[in-house]
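All remarks here apply to the structure that follows.
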Amino acid sequence: MKPVIKLRFSNSRLGRFSNMSGLAAKMARHAWAGLVLALIVSFSAPLSAQSLTDLRVGYVNPSRVSDEAPQADAARRQLQEEFAPRDAEILSMQESLRALEDRLAEQRLTLSDEAQQDLQREIVNRRRRIQRQQEAFREDFNMRRNEALGDLQQRILRVVGDFAEEQGFDLVVSDGVVFASDSVNITDRIIGRLQRQYEQQRSSE
């Protein structure tokens, strides 16, 4: 009988963007703050009708899955490649702004009042442009991050659900487990299946 799957995700973490700088790095460090996977696989028949001694339980470590699944690395790289140019552009704009601010500070006594006002207006305008760029960056980054996160969550759900059904599991848990012995820990097998799927996808491209 096909299992019924219920799951809850909150604030998943795909990992770190160690090679990114500026606004992208700050956002990415907090982008995926801990994958919490609560996955219950149960048969349509009431659980009370089954003998507890026959109940087959599995445990998945969501942090390891999110850290070690190659799909998570691929998502990180894709977001990095997509947003690194815009991140660099914002950094360049900030450096140009600092140069103008330094010029105003250094030449305040030698510049005419009109020149000082022109330079101050330019500084204000550039600050506003940078702020608009940063806001647009955040909106676009969050949207793409959520899309990538949703794709990863759905993939993990499918892999765990298929594995549980194939192997005859009645219950697969992750969040809130205090202890899980090696005999019920299926994390390595889930990661292995994700790795095989990734390799197959790459070989077919």
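The values are calculated or read from the model by the stated rules, or taken from the named source; none is laboratory data. Quantities reported herein were computed from a predicted structural model and do not represent experimental measurements. FYI the Cβ positions are ideal-geometry reconstructions off the backbone, even for glycines, and counts take in every protein chain you see.
Pick from R127, R86, R132: which is surrounded by 12 or more Cβ atoms within 10 Å (Cβ to Cβ), of a type outside the set (G, A, S), over 19 Å from the mean Cα position of the chain (by Cα) and modelled with pLDDT of 95 or more?
The unique qualifying residue is R127.
Within the stretch 171-201, can you find the residues that are in contact with a Pro (Cβ under 8 Å, 6 or more places away or on another chain) and at pLDDT below 90?
Residues satisfying the conditions are S174, D175.
Taking the condition of being farther than 18 Å from S96 by Cβ and among the polar types (S, T, N, Q), how many residues in the stretch 110-137 meet it?
4
Mind checking which pairs have a first residue in the stretch 117-133 that is touching a residue at least 12 places away in the same chain (Cβ under 8 Å) and a second that is assigned to a helix (DSSP H, G or I) and aliphatic (A, V, I, L, M), Cβ under 6 Å, 6 or more apart or different chains?
L119/L104; I123/L100; R126/L97; I130/M93; Q133/I90
I'm checking my understanding of the structure. Among residues of the stretch 177-192 that are of a type in the set (A, V, I, L, M) and part of a loop (DSSP other than H, G, I, E, B), which one is nearest to R64 (Cα to Cα)?
I186
Output the residues belonging to the stretch 97-124 that are under 34 Å from the mean Cα position of the chain (by Cα) and surrounded by 13 or more Cβ atoms within 10 Å (Cβ to Cβ).
L97
One line per residue, one yes/no per condition, for (1) touching a His at 6+ places or on another chain (Cβ under 9 Å); (2) under 30 Å from D188 (Cα atoms); (3) of a type in the set (D, E):
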{"position": "A75", "(1), (2), (3)": "no, yes, no"}
{"position": "Q78", "(1), (2), (3)": "no, yes, no"}
{"position": "E82", "(1), (2), (3)": "no, no, yes"}
{"position": "L100", "(1), (2), (3)": "no, no, no"}
{"position": "Q107", "(1), (2), (3)": "no, no, no"}
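Which of (1) of a type outside the set (A, V, I, L, M); (2) in contact (Cβ under 8 Å) with a residue 40 or more places away in the chain; (3) farther than 30 Å from S183 by Cα is the odd one out, the single condition E95 does not satisfy?
Single failed check for E95: (2).
Does Q167 satisfy the criteria of being modelled with pLDDT under 95, exposed (fewer than 13 other Cβ atoms within 10 Å of the Cβ) and under 30 Å from S63 (Cα atoms)?
Spelling it out, Q167 is indeed modelled with pLDDT under 95, exposed (fewer than 13 other Cβ atoms within 10 Å of the Cβ) and under 30 Å from S63 (Cα atoms).
Contact list please: Cβ distance under 6 Å, first residue in the stretch 180-191 and in contact (Cβ under 8 Å) with a residue 24 or more places away in the chain and within 13 Å of V57 (Cα to Cα), second residue assigned to a helix (DSSP H, G or I) and not aromatic (F, W, Y), pairs at least six apart or on different chains.
Partner pairs satisfying both residue conditions: T187/R64.
So which residues in the stretch 140-179 are of a type in the set (D, E, K, R), in contact (Cβ under 8 Å) with a residue 60 or more places away in the chain and under 30 Å from E81 (Cα atoms), if there are any at all?
R144, R145, D151, R155 - these are the residues of the stretch 140-179 that are of a type in the set (D, E, K, R), in contact (Cβ under 8 Å) with a residue 60 or more places away in the chain and under 30 Å from E81 (Cα atoms).
Looking at the stretch 55-83, which of the residues that are without any contact (Cβ under 8 Å) to a residue 60 or more places away in the chain and within 29 Å of V177 (Cα to Cα) is surrounded by the most Cβ atoms within 10 Å (Cβ to Cβ)?
Out of the qualifying residues, it is D67.
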